[in-house]
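The values are calculated or read from the model by the stated rules, or taken from the named source; none is laboratory data. Note that the structure is a prediction, hence the values are computed from the model and not measured. Ideal geometry is used to build each Cβ from the backbone, glycine not excepted, and the neighbour counts take in all protein chains shown. Side chains included, ligands, DNA and RNA excluded: accessible areas come from the protein's heavy atoms. Shrake-Rupley method; radii C 1.70, N 1.55, O 1.52, S 1.80 Å.
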Amino acid sequence: MLKLPLQFYDESGRILPPKWLYALSLMLCIDWIAFIFSLASRSQTSELLSFFYPNKASLGTALVASLPILMGLVLVSQRERLWKKGFVKWRRVVRPSIQLGCLLLLAVQFTYLIDHQWGFEFFVALRMVFCVFAFYAVWRSRHLRWMVEDWAVVDSSVSDKK
């Protein structure tokens, strides 16, 4: 009996990551997206970065804080390549890395609030609520839990070939 509807499985019968995981990860890595797009326009890089991040240290901390989420996103998106090369233990890191990234981003927002004497800013509040929601969604998701369990079957089939 299948745990999920058929559309959530790939051709090999493995559970695919949920679509919302990609969207959630990209929203949490919005600092990386802003950084990359600002680098794309070479003539206005410093102006764009100073507009979004007046304090250069805030950009650096936000980029470092979202690295675990970016790592989890890259691992999930490159799963087939990793399986073919025999790397199989990484699957246990996906959920905790995304959760760690959410907590780090939440800590960055709290640090920002402390530096600004707890003044209310809508964007900061929205990011904090989104980080809490993302942490909860990843923590409670049966789809992600079943996906990691299902990928354990891939672990045994890859290790048998070695």
Quiz prompt | Folded to 0 to 90 degrees: helix 19-28 orientation relative to the chain principal axis, Cα | solution = 30
Quiz item: Taking a 1.4 Å probe, which of Trp151, Trp90 shows the most accessible area, and what order do the others take after it?
Solution: Trp90, Trp151
Quiz item: So how tilted is helix 56-65 from the main axis of the chain? Cα-based, degrees 0 to 90, rounded to 10.
Solution: 20
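Hand me the tally of lysine pairs in the chain: alpha carbons under 21 angstrom apart, and the pair either on different chains or 8 or more positions apart.
Values: Lys3/Lys19; Lys84/Lys161; Lys84/Lys162; Lys85/Lys161; Lys85/Lys162; Lys89/Lys161; Lys89/Lys162.
Lysine pairs, 8 or more places apart or on different chains, close enough: 7.
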Quiz item: Each residue of segment 33-48 in turn: what ³J(HN,Hα) in whole Hz from Karplus with 6.51, -1.76, 1.60 and θ = phi - 60°, glycine and Pro shown as x?
Solution: 5, 5, 5, 5, 5, 5, 6, 5, 9, 4, 6, 10, 4, 5, 5, 5
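Determine the gain in length on full extension of the stretch Ser12-Lys89; use 0.36 nm per residue of separation and subtract their C-alpha separation, reporting nm with one decimal. Show your work: numbers first, answer last.
Details: separation 77, 0.36 × 77 = 27.72 nm, distance 1.93 nm.
Length difference between fully extended and current span is 25.8 nm.
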Practice problem: For segment 1-70, go through all pairs of different Cα atoms, get the mean of 1/r, take its inverse, and jot down that Kirkwood value in Å. | Solution: 14.5
Quiz item: So, with a 1.4 angstrom probe, what is the percent of accessible area on segment 54-112 that is carbon and sulfur?
Solution: 70
Quiz item: Going toward the positive end of the dipole of segment 62-131, with +1 on Lys and Arg Cβ and -1 on Asp and Glu Cβ, which of Phe87, Leu105, Val64 do you reach last?
Solution: Phe87
Self-check item: Loop trypsin sites (Lys or Arg not before Pro), segment 69-148, which have at most 13 other Cβ atoms in a 10 Å radius of their Cβ (DSSP)
Solution: Lys85
Quiz item: Just the accessible area per residue of the chain, please: how many Å² with a 1.4 Å probe?
Solution: 64
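Grab the beta carbon distance between Ser50 and Trp20, set R0 = 45 Å, and tell me the FRET efficiency rounded to 0.05. Let's see the in-between values first.
Details: r = 33 Å, r/R0 = 0.73.
Taking R0 as 45 Å, the efficiency between Ser50 and Trp20 is 0.85.
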Quiz prompt | Helix axis angle, 142-161 relative to the chain longest principal axis, alpha carbon, degrees | solution = 50
Quiz prompt | Amide H contacts of Tyr9 (H built 1.01 Å from N, under 5 Å, at least 5 apart or other chain) | solution = Leu16
